[in-house]
1. In percent, what relative contact order does the chain have, based on Cα pairs under 8 Å that are 6 or more apart in sequence?
2. Between beta-carbons, use under 14 Å as the cut-off and find the net charge around Leu272, counting Lys and Arg +1, Asp and Glu -1.
3. Could you state the number of Å between the C-alpha centres of the stretch 242-291 and the stretch 368-429?
4. Could you tally the net charge around Phe452, taking each other residue with its Cβ under 15 Å from the Cβ of Phe452, Lys/Arg +1 and Asp/Glu -1?
5. Of the chain, which part is the longest with no chymotrypsin sites (Phe, Trp or Tyr not before Pro) in a loop (DSSP not H, G, I, E, B) and with at most 13 other C-beta atoms within 10 angstrom?
6. Might you report the magnitude of the Cβ-based charge dipole of the stretch 140-283 about its Cα centre, with Lys and Arg at +1 and Asp and Glu at -1, to the nearest 20 debye?
7. At a Förster distance of 22 Å, what's the computed FRET efficiency of Trp208 paired with His148, Cβ-Cβ distance as r, to 0.05?
8. Of all the accessible heavy-atom surface of the chain, with the other protein chains kept in place and a 1.4 Å probe, what percent is carbon and sulfur?
Amino acid sequence: MPHRDVKRAPSALGISWKARIHPRAPGTQAIRVVLQLAGPAALEQLLNIVVDWTDAYLAGHLGTVALAAVGLSGQVINLVAAFFGALGVGAIALVARAVGARDPEQAGRITVQALLSAGLLGIGGALFALLSGPALFRGLGAEPAVEHAAATYLGWVALSFPAMAVLFVGNAALRGAGDTLTPMRTWAVVVFTNALLAWALVGPWSPWHVGVAGLGMAAACARALGAGLVLIRLWQGTSVLRLPHRWPGLEWGRVRRILNVGLPAGLEQLLLQLALLQLTGVITGLGTAAYAAHQVGLRVMSLSFLPGWGFAVAASTLTGQALGARRPEEGKRAALVALLLALGLMGSLGLILALAGPLLVGLFTEDPAVIAQGTAALRITALIQPVMAVSFVFSGALRGAGDTRYTLLVTAASIWMVRLPVAALLAHGLGWGLPGAWLGMFADFAVRALLFGYRFRSGAWQRIRV
């Protein structure tokens, strides 16, 4: 079949109205389109990690208690953010389809409804965190000093939850439209602001030394600024996505469409975060040093997530746009290209991190016990990367297609029935400690990779209606 020309319109990334990958397109063209989307998305995630690393670095130099407190409160923040992510998944799937169908008005209206819903949800999330955070920390068995410090940090960050929700959802809508550059630039500002304020408040030369409270203040202010920037960008508009300048009230028809896709994704993330909280209980039972090493290890390993995140975003965007244009084979080709790139990059990064473990963990702490346990856990990183790459990319493609009920079932079943039991058995039952818990992570991603791969190959995602 000859390649048919498509009407083109420039976007914020300089790519076509619909970032197409024709099933018979040359490999270099396919790679170029995927990288145009994945590159900025991966850099955005790197910037997000830098925010996390800044807090961890400063908290680590405040002491082991502060380091454990920031990590523990991060579990609650992630729990609340799961709901923000639900709206984001719904927004990216519906906006991508509207853009693929060349319906910018519909894309703008969907974005407005997602943002209004995000603001309301952010208020609810703030109330939940402020009222329930301390009880959750006690339930996880945190030591009294860690519990107090975690509640202090969370109290400040929770104030920014409405802005954080708008930031997440606005960026998701832009990605669905094929613009991954604007979210990356926004996070660059967030990172710079967070680092500047955090160092000013708790850095070695700070005249205030307000402890973990200062880290929470810095994070809250930076995310509020980021939300303002993404709203300005959406108001100004891109070539394919612009907010209507007369904002309507909540339109329940569109909100229901967003939630129809997003709620399963949100429930998936909720169950995931609840399971991670249970896993936290498993690891805190190994001692404060083990938990601190776990948090540092996760931050170091997060570097290897970057390609997976970026290529998952590319697969999600291109799959959704291909279905909107009624060309599912283009979405399939995009996901496979993204997978091959993710496998190569994540595998290489995992090996590097495993070999450089002592040096990297030592950047966050000088505690020998934390360094030893964190290094042992990172040696498992090389095993996890290939299965994580498959899981990330195929689940991203399925979510872009709106197939979020399947991803919910697989993720929930795998983490609750595989990761938690295996981690508890190996860490405590067999006495393998923190490395045993990380082998539970490997088992979880291996199961998810198999099941997501099976679903993608079956083609059932091509028949999903949103």
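The values are calculated or read from the model by the stated rules, or taken from the named source; none is laboratory data. Computed from a predicted model, the values in this text were never measured in an experiment. Here the Cβ is made from the backbone with ideal geometry for all residues, glycine too, and neighbour counts use every protein chain on show. Just so you know, the surface numbers come from the protein's heavy atoms only, side chains and all, with ligands and any DNA or RNA stripped out. Shrake-Rupley method; radii C 1.70, N 1.55, O 1.52, S 1.80 Å.
1. 22
2. +1
3. 17
4. Charge balance near Phe452 sits at +3.
5. So the longest stretch without any such site is 209-466.
6. That gives the stretch 140-283 a dipole magnitude of about 700 debye.
7. Once rounded, the FRET efficiency stands at 0.70.
8. The nonpolar share, carbon plus sulfur, comes to 67 percent.
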